[in-house]
Amino acid sequence: MSFDPVFGPGSRALILGSWPSPESWRQGFYYGHPRNRFWPLLARLCAAPVPGTVEQKRALILQNGLALWDVLERCTVTGAADASIKDPVPVDLAALLEQAPVAAVFCNGATAFRLYEKMLRPVSGLAAVRLPSTSPANAAWSLDRLAGAWGPALGPWICGRR
């Protein structure tokens, strides 16, 4: 079973990953690997301090009109390798969309995007934006380069801008 989604009544943009890494499972929350750039990137885009605790991470998501979840409810995977995902079962996106005014979807990496397009876009009817992965496996993308890609796409939806 995946982590519960993070969302609230002000969540207008949804960021979707594929599946939690083993380190995220150990920590009990999204993007737990210390070299994953997700939290430093989001903090930078929102001009906020980098969150350290789960509570601070939830607050950063909710205070900026975002929602956070993964595409998959469950799957078989080896380690943190998205390429090894087998038997994917999607999350119940319709249930989230009934509770939050999500109007935009952003996928953190190619696997999340591919799975979203195949299994969840027919449910949501929302086109997704594929963003480069914040995973440490995507070492070719520095934090600055990620900010250059994520900022223009996500920026209009965060920090009360829309």
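The values are calculated or read from the model by the stated rules, or taken from the named source; none is laboratory data. Predicted model only: the values in this text are computed from it and were never measured. So basically every Cβ, Gly included, is an ideal-geometry build from the backbone, and we count neighbours across all protein chains shown. What goes into the accessible areas is simple: the full protein's heavy atoms, side chains included, and nothing from ligands, DNA or RNA. Shrake-Rupley method; radii C 1.70, N 1.55, O 1.52, S 1.80 Å.
Taking (1) at pLDDT 95 or above; (2) assigned to a helix (DSSP H, G or I) in turn, Trp25 satisfies each apart from (1). Residue count for segment 74-102, restricted to those that are open to solvent by 30 Å² or more (accessible area, probe 1.4 Å), under 15 Å from the mean Cα position of the chain (by Cα) and at pLDDT 95 or above: 1. In segment 105-140, which residue that is touching a residue at least 24 places away in the same chain (Cβ under 8 Å) and part of a loop (DSSP other than H, G, I, E, B) is most open to solvent (accessible area, probe 1.4 Å)? Checked segment 105-140; the qualifying residue most open to solvent (accessible area, probe 1.4 Å) is Ala137.
What's the total number of residues in segment 1-22 that are part of a loop (DSSP other than H, G, I, E, B), closer than 22 Å to Arg130 by Cα and either β-branched (Val, Ile, Thr) or modelled with pLDDT under 95 (or both)? Selection size over segment 1-22: 5.
Of all residues in segment 27-34, one or more are surrounded by fewer than 14 Cβ atoms within 10 Å (Cβ to Cβ) and out of contact with any Cys (no Cβ under 6 Å at 6 or more places or on another chain).
What do you reckon, is Arg37 basic (Lys, Arg) and open to solvent by 60 Å² or more (accessible area, probe 1.4 Å)? Spelling it out, it is not the case that Arg37 is basic (Lys, Arg) and open to solvent by 60 Å² or more (accessible area, probe 1.4 Å). Put simply, of Glu98, Glu117, Glu23, Glu55 the only residue that is in contact with a His (Cβ under 6 Å, 6 or more places away or on another chain) and either on the phi < 0 side of the Ramachandran plot or among the aromatic types (Phe, Trp, Tyr) (or both) is Glu23.
Restricting attention to segment 141-156, the residues that are open to solvent by less than 40 Å² (accessible area, probe 1.4 Å) and modelled with pLDDT of 90 or more total 7.
Among the residues of segment 44-66, those identified as open to solvent by less than 20 Å² (accessible area, probe 1.4 Å), among the hydrophobic types (A, V, I, L, M, F, W, C) and closer than 14 Å to Phe29 by Cα are Leu60, Ile61. Among the residues that make up segment 42-53, is at least one of them under 19 Å from Ala137 (Cα atoms), touching a residue at least 12 places away in the same chain (Cβ under 8 Å) and not in a loop (DSSP other than H, G, I, E, B)? Within segment 42-53, one or more residues are under 19 Å from Ala137 (Cα atoms), touching a residue at least 12 places away in the same chain (Cβ under 8 Å) and not in a loop (DSSP other than H, G, I, E, B).
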